[in-house]
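The values are calculated or read from the model by the stated rules, or taken from the named source; none is laboratory data. Every value quoted in this text rests on a predicted model; they were computed, and no experiment measured them. For neighbour counting, all protein chains shown are included, and Cβ atoms are generated from backbone atoms with ideal geometry for every residue, glycine included.
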């Protein structure tokens, strides 16, 4: 998962990346992502401001793996395609077509007429420049691993790699790119929709990455109006020569105001200095609702919270124990009383907007204390009736973990002990796959709107599967094998739709085995002034800034 | 005086080297105990090992001694010293030059600190002198009461209260009136880059608030003490005017502890502006340090801490030199 913009809100991830700003060229607001708030007039021009946290990096774009920078990157760069979060339709942007006969060899044809903000034409070479830079190990980019399915990726890793370019990527002519993968993967276009990893790079940028980071040169609908004012602001203006009507924005100028603390953004909004607060601090939400009731947009975000089980620990190898612990959590009560109602209880492991998500498919995700107690006793109880609960203490999780633990104490009659620590040592402990001896908290923000993204990176091989599902001697080898096969089957399907049944079956295995306790999915809380219209949010996306119009 | 200054400057060297070693040792210990901070850049996602390795190499954290708990990694320490000597302070995890980060943040914090000092010195000393001269009268009681209040209110409460009062209540009214932009900037909620001084006035007061209380009380006590001393009595006996007795003879002497306090406070203000900077969204040193500590960006933490050590050292040297100016009995040979 990407880092949320602000660490303080780790429990309440702000937004996710992937600008998939749906088309809104001439005022087709109906197509806006979920929860379009106030109708946009589709009026062009004007300027507005929106809060954000200090972005990590813009050049190379592949140094960005966080929602803050990817939001701006997706406005300044136009990638090959976007994925509509509602319909999962692929909306081609820079690409004229993306085709493959076998799911392994892909041919990408580019549209002509796009230029970088400095006038350079965007061609196949520009994409290769960006991709090779990202994948080359010594460049140490954060999202280079998005290319690990491409042939030749392995040769570019290590201290002194054999190759400097991806063997599997070729520019056939100026506007045609061929990509060869190691094996068939139907979701490949979805992966390529993550713009920071797959953005083209201008020659001028490659020559001076540092200068380009301060004053980025992209090929998108907006360009930097001035240098990056660190920790203060970033001002984007419309790129006059942008050829694609459909993905152009409405406002002439968008100012990102950078706040270190969300609470300050809200006060600046009250003082009339800010048009959109990207996420209101939980402590100010009640007040905001009272004062600006009809200027608030609450929308589903893609964040997913769960507790994993250390399956290598004998105490948790009985499935009844795992089911009992899940049944003894009153999700709705915790959300209402501790988490300000900003979450949606999980009734499955895929959030509602992902294709293939179904409601109420998790039998043991409801609150049923009696059944929980019964299952707990049948499982023989935990050693000493004591559970160690693992979580990181620098993300604001204490309160709800406490509430959850007290629920277990009440309903199952067990004592609890917290094993909390900062995130770095916490991940270190999880990584040992032996040290953690109790349920552990984790969360997930998706990279692309595919069920695959909620399955493989969390439970697959070489993933955040810290509980060692499928590990030797856990008694779950078979189910994990089946899970991996089903995910592979989904990946190999020729289209996304055809892959869905396999993904659903894979999700069912996760719930049947109760590998994790699914907790809840996140919601956003966006506040906007009466200066702007058409504020909408898509679960995978951040605010759809391109389709916000300014009231004149 | 010249030789004394040179001697003091030479003292800086061991202090700096020692501080840097302690910082370095804490850094290596934190890596050795809590593990590689690179992994947490990826949140809950497990990136491939080669990605972690490549980033670890790129940030120079691949030294094997970082895997041996307790090992002070002397080699890395001297490497860092060498790089610092060449003016290379490294980069943070976003590949921003640490030096750039500091040069962007420092001027803002310096301005904020200057404003805070101004408030402290002018209001604090004036209030202290007034209270000291009218001991146990209304002014004295008023100063004592209000400074206790100022000292006992935590800075984040004072900051948020003043921010809401000046930024929202008064601020919205001022903006409705259509005041000139610099007046609006004084009453803005956050720091405005276009008004680098005006928008720091309120934060400066908040930052200086606590010390202001201390200085007023320090000046008051010190002045009362001095006014009772023999040489003041002699001065009065000589028939000097009250103004000269207080202004020249008593005040100069009683300011010595106050100057000491202000001197040390310079460093504390620069490093401690964290809360104030957070409330008013000021992109200064405090915010930089806070963010770096949270992210485990040790290159930034070490560079800033080294810089602050320098500030402390220089400030304390200046204070010592000021003593001689204030008290003619003090001579440095």
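I'd like to verify a number: residues in the range A:430-443 that are in contact with a helix residue (DSSP H, G or I) (Cβ under 6 Å, 6 or more places away or on another chain) and either free of Cβ contacts under 8 Å to residues at least 60 places away in the same chain or buried (at least 24 other Cβ atoms within 10 Å of the Cβ) (or both), how many?
1
So which pairs qualify, if the first residue must be in the range B:45-64 and more than 8 Å from every other protein chain (Cβ to nearest Cβ) and without any contact (Cβ under 8 Å) to a residue 12 or more places away in the chain, the second must be assigned to a helix (DSSP H, G or I) and surrounded by 18 or more Cβ atoms within 10 Å (Cβ to Cβ), the Cβ gap must be under 6 Å, and the two must be at least 6 apart or on different chains?
B:62/B:56
Report yes if residue B:307 is assigned to a helix (DSSP H, G or I), touching a helix residue (DSSP H, G or I) at 6+ places or on another chain (Cβ under 7 Å), within 28 Å of residue B:38 (Cα to Cα) and at pLDDT 85 or above, otherwise no. Steps first, please.
Values: assigned to a helix (DSSP H, G or I): yes; touching a helix residue (DSSP H, G or I) at 6+ places or on another chain (Cβ under 7 Å): yes; within 28 Å of residue B:38 (Cα to Cα): yes; at pLDDT 85 or above: yes.
Yes, satisfied.
Return yes when residue B:16 is farther than 16 Å from residue B:297 by Cα and surrounded by 14 or more Cβ atoms within 10 Å (Cβ to Cβ) and no when it is not.
On the way: farther than 16 Å from residue B:297 by Cα: yes; surrounded by 14 or more Cβ atoms within 10 Å (Cβ to Cβ): yes.
Yes; evaluated as a whole, the condition is true for this residue.
Sort out for me the strands (runs of 3 or more DSSP E) sitting completely within the range A:344-450 that have 1 or more residues that are in contact with a strand residue (DSSP E or B) (Cβ under 8 Å, 6 or more places away or on another chain), more than 25 Å from residue A:67 (Cα to Cα) and within 14 Å of chain B (Cβ to nearest Cβ). Walk me through it before giving the result.
Details: elements: A:386-392, A:415-421, A:440-444.
By residue number, A:386-392, A:415-421.
Okay, residues lined up against (1) within 13 Å of chain A (Cβ to nearest Cβ); (2) in a helix (DSSP H, G or I):
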residue	(1), (2)
B:175	yes, yes
B:182	no, yes
B:188	yes, no
B:194	yes, no
B:199	yes, yes
B:202	yes, yes
B:205	no, yes
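Being buried (at least 22 other Cβ atoms within 10 Å of the Cβ) and over 24 Å from the mean Cα position of the chain (by Cα) is the filter here, so list the residues in the range A:123-135 that pass it.
Correct list: A:126 only.
Going residue by residue through the range A:462-484, is there one that turns out to be buried (at least 22 other Cβ atoms within 10 Å of the Cβ), assigned to a helix (DSSP H, G or I) and modelled with pLDDT of 90 or more?
Yes, the range A:462-484 contains at least one residue that is buried (at least 22 other Cβ atoms within 10 Å of the Cβ), assigned to a helix (DSSP H, G or I) and modelled with pLDDT of 90 or more.
Residue A:147 passes all but one of (1) buried (at least 19 other Cβ atoms within 10 Å of the Cβ); (2) within 14 Å of chain B (Cβ to nearest Cβ); (3) closer than 30 Å to residue A:254 by Cα; which number fails?
Evaluating residue A:147 over (1) buried (at least 19 other Cβ atoms within 10 Å of the Cβ); (2) within 14 Å of chain B (Cβ to nearest Cβ); (3) closer than 30 Å to residue A:254 by Cα leaves (3) as the failure.
Here's the yes/no breakdown for (1) over 30 Å from residue A:441 (Cβ atoms); (2) at pLDDT below 85; (3) in contact with a strand residue (DSSP E or B) (Cβ under 9 Å, 6 or more places away or on another chain):
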| position | (1), (2), (3) |
| --- | --- |
| B:46 | no, yes, no |
| B:64 | yes, no, no |
| B:85 | yes, no, no |
| B:92 | no, no, no |
| B:98 | yes, no, yes |
| B:102 | yes, no, no |
| B:108 | yes, no, no |
| B:113 | yes, no, no |
| B:120 | yes, no, no |
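Anything in the range A:187-204 that is away from chain B (no Cβ under 14 Å) and surrounded by 22 or more Cβ atoms within 10 Å (Cβ to Cβ)? List them, or say none.
Matches in the range A:187-204: A:187, A:189, A:192, A:193, A:195, A:198, A:199, A:200, A:201, A:202.
Identify, from the list B:289, B:298, B:276, the residue that is out of contact with any strand residue (DSSP E or B) (no Cβ under 8 Å at 6 or more places or on another chain), within 14 Å of chain A (Cβ to nearest Cβ) and modelled with pLDDT of 90 or more.
Working: B:289 fails: modelled with pLDDT of 90 or more; B:298 fails: modelled with pLDDT of 90 or more.
The match here is B:276.
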